[in-house]
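Below is one structure; the comments refer to it alone.
The values are calculated or read from the model by the stated rules, or taken from the named source; none is laboratory data. Here the structure is a predicted model, which means the values were calculated and not measured. So basically every Cβ, Gly included, is an ideal-geometry build from the backbone, and we count neighbours across all protein chains shown. Keep in mind that these areas ignore ligands, DNA and RNA; they rest on the heavy atoms of the full protein, side chains included. Shrake-Rupley method; radii C 1.70, N 1.55, O 1.52, S 1.80 Å.
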Amino acid sequence: KNYADICYGKHPLNGKKVMVEYSSPNTNKPLHLGHLRNNFLGWSVAEILKACGYEVYKSCIVNDRGVHICKSMIAWQLFANGATPKTNNTKGDHFVGEYYVKFNDEHKRQIAALVAIGITEKEAEKEAPIMKATQQMLQDWESGKPAVMKLWKEMNGWVYEGFEVTYKNIGSDFDKTYYESNTYLLGKEIVQLGLDKNVFYKKEDGSVWIDLTSDGLDEKLVLRKDGTSVYITQDIGLAQQKYDEYQIDESIYVIGDEQNYHMKVLKLIAQKLGVSSADAIHHLSYGMVELTTGKMKSREGTVVDADDLVEEMINTSRKHTEELGKVKDFTEEELVELYKTIGLGALKFYLLRVDPKKRMIFNPEESIDFHGFTGPFVQYTYARIKSILRKITADNKAAISTSLLKNEKEILVAAEQFPAVLMEAAKELDPSKVAVYIFNLAKTFNSFYAELSIANAESEEKKQLRIQLAMITSNILKSGMQLLGAAVPERM
RNA sequence: GGUCCGGUAGCUCAGCUGGAUAGAGCAUCAGCCUUCUAAGCUGAGGGUCAUUGGUUCGAAUCCAAUCCGGAUCACCA
């Protein structure tokens, strides 16, 4: 059954067009744990909205230009000696990420050298030769210098190849991908229009600003004095472009809460400019993932890499499965698929089971659990039900008029809540509502399972009733997990 | 300093549009596999809901102040 069919009635906003923007990677380094939370959240919210009858578009904005990309490029020129992901047998995004790290190492070294000869740290940061070269490269990029453009395209190409592998692996997909290298130009045009409308004003040095003090915020720069755009410039362009292309009613931005201020400013600017989609802008602000050892810092090497984590989860699921030895008759392909289903299911459930708005703490030492309030728990419940149903023939025509025992009633009551839970999750843009619900449903079923037999029910009538309950439960567990981006195995 | 967010069992989190003995999972302890998959089930211990004051018949929940933690206030993205 389609999710939408499961919902009773119609969502108040049913039929509206929504765009959910998530992922927003930078092309200078690989995806990490934070991106995973973002991806899983955005994807799941989009699916939940679809289930409630919205017309949903998933979009991704790739941050493919700017100083940070130039940093990787400069470092590659300096240290790579012509190496490529192929020659090094490295995944493209990891390859480029290594040069971003190398840039920072070298930059640090140069700063130290300058500080040693009496220059202040702040000055040294700017004056370091490698930084100077980066600034020069940024200008060359903006002016379209062929050699720089060629390298930029080549290196971004490597990164995209890497991203594609990761996205495919984690099951993330987009209906539309935007590139900042395109949207910033539209942003600049809109700034010009806003200047004509006196929404913005120009300072003596040529920089362009907007005064938001009457809204309780500050003055905000929208165009540098040299005419180049800043982060918010391209976002203004993108907001307009999304509306032009899709006429969306609601535009959801899945972005970390450290950008709350930025999103507030973006919406205000869009409203003042009279951008059609201004009021539709909605920031789904999620909390950072922190490690028990503190914040993730790419420069300090304390990031949890997305690919590594996924691989680790899959390995753990293999280990558990082998220890239990229940699927010894599986083919190699079936096993690979099962390990992935369980490993990814555990990871997605873990990241989606808590309120997205709150920051969460991840302990890399303690691997993610496979017992209790977890994805594998729900998957296991599903697999057990399927195992029973395989052995039993259901009589769909059986009239069921028997009175319900306590355990049976609890399942029915829980099952009926599913549509309401979906509505709630859609309204709050909160997949954790779904995770909590399917966990509780699975738990209710497990108690029932331990207490009452289906195959050896007291009567044929009871047996048919319980088969019905098991089928309903399995359908909901599967649908719920799918909305979280997780699959369920027939056996495990 | 301004603004915003958070502080609930040892740990990770629910509950926060006020309502009965504050819930889960993990961890700890005690039970349950000759009967549908034990990645499961049953039970026990563990909380002054940061602190103080206020509103109320009633506060984890609403208000104020204080303490602690985080984010942000860039010609970075």
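State which residue is modelled with the lowest pLDDT when the search covers only region A:52-91 and only residues that are touching a Gly at 6+ places or on another chain (Cβ under 8 Å) and over 16 Å from residue A:158 (Cβ atoms). Filtering region A:52-91 for residues that are touching a Gly at 6+ places or on another chain (Cβ under 8 Å) and over 16 Å from residue A:158 (Cβ atoms), the one modelled with the lowest pLDDT comes out as A:53. Counted as qualifying within region A:346-428 are the helices (runs of 4 or more DSSP H) with 1 or more residues that are at pLDDT 95 or above and within 9 Å of RNA strand B (Cβ to nearest atom), namely A:375-391.
Within region A:236-258, being closer than 20 Å to residue A:224 by Cβ and touching a Phe, Trp or Tyr at 6+ places or on another chain (Cβ under 9 Å) holds for A:237, A:238. Considering only residues that are within 15 Å of RNA strand B (Cβ to nearest atom) and in a strand (DSSP E or B), which ones fall in region A:176-192? Listed by number, the residues that qualify are A:178, A:179.
One line per residue, one yes/no per condition, for (1) farther than 25 Å from residue A:98 by Cα; (2) open to solvent by less than 80 Å² (accessible area, probe 1.4 Å):
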site: A:135; (1), (2): no, no
site: A:139; (1), (2): no, no
site: A:161; (1), (2): no, no
site: A:202; (1), (2): yes, no
site: A:240; (1), (2): yes, yes
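With respect to (1) near RNA strand B (Cβ under 8 Å from one of its atoms); (2) open to solvent by less than 30 Å² (accessible area, probe 1.4 Å), the lone exception for residue A:325 is condition (1). You will find that of A:458, A:490, the residue that is of a type in the set (Asp, Glu), closer than 12 Å to residue A:385 by Cα, open to solvent by 30 Å² or more (accessible area, probe 1.4 Å) and not in a helix (DSSP H, G or I) is A:490 and no other. Among the residues of region A:49-64, which ones are of a type in the set (A, V, I, L, M, F, W, C), open to solvent by 10 Å² or more (accessible area, probe 1.4 Å) and over 16 Å from residue A:234 (Cα atoms)? Within region A:49-64, just A:56 meets the criteria.
For first residues located in region A:257-274 and within 9 Å of RNA strand B (Cβ to nearest atom), partners that are in a helix (DSSP H, G or I) and lie 6+ apart or on another chain with Cβ distances below 7 Å form the pairs A:262/A:232; A:265/A:232.
When the residues of region A:65-122 are filtered to those that are small (Gly, Ala, Ser) and on the phi > 0 side of the Ramachandran plot, the one that is least open to solvent (accessible area, probe 1.4 Å) is A:66. Within region A:193-237, the set of residues being near RNA strand B (Cβ under 8 Å from one of its atoms), touching a residue at least 24 places away in the same chain (Cβ under 8 Å) and more than 32 Å from the chain's Cα centre (by Cα) is empty.
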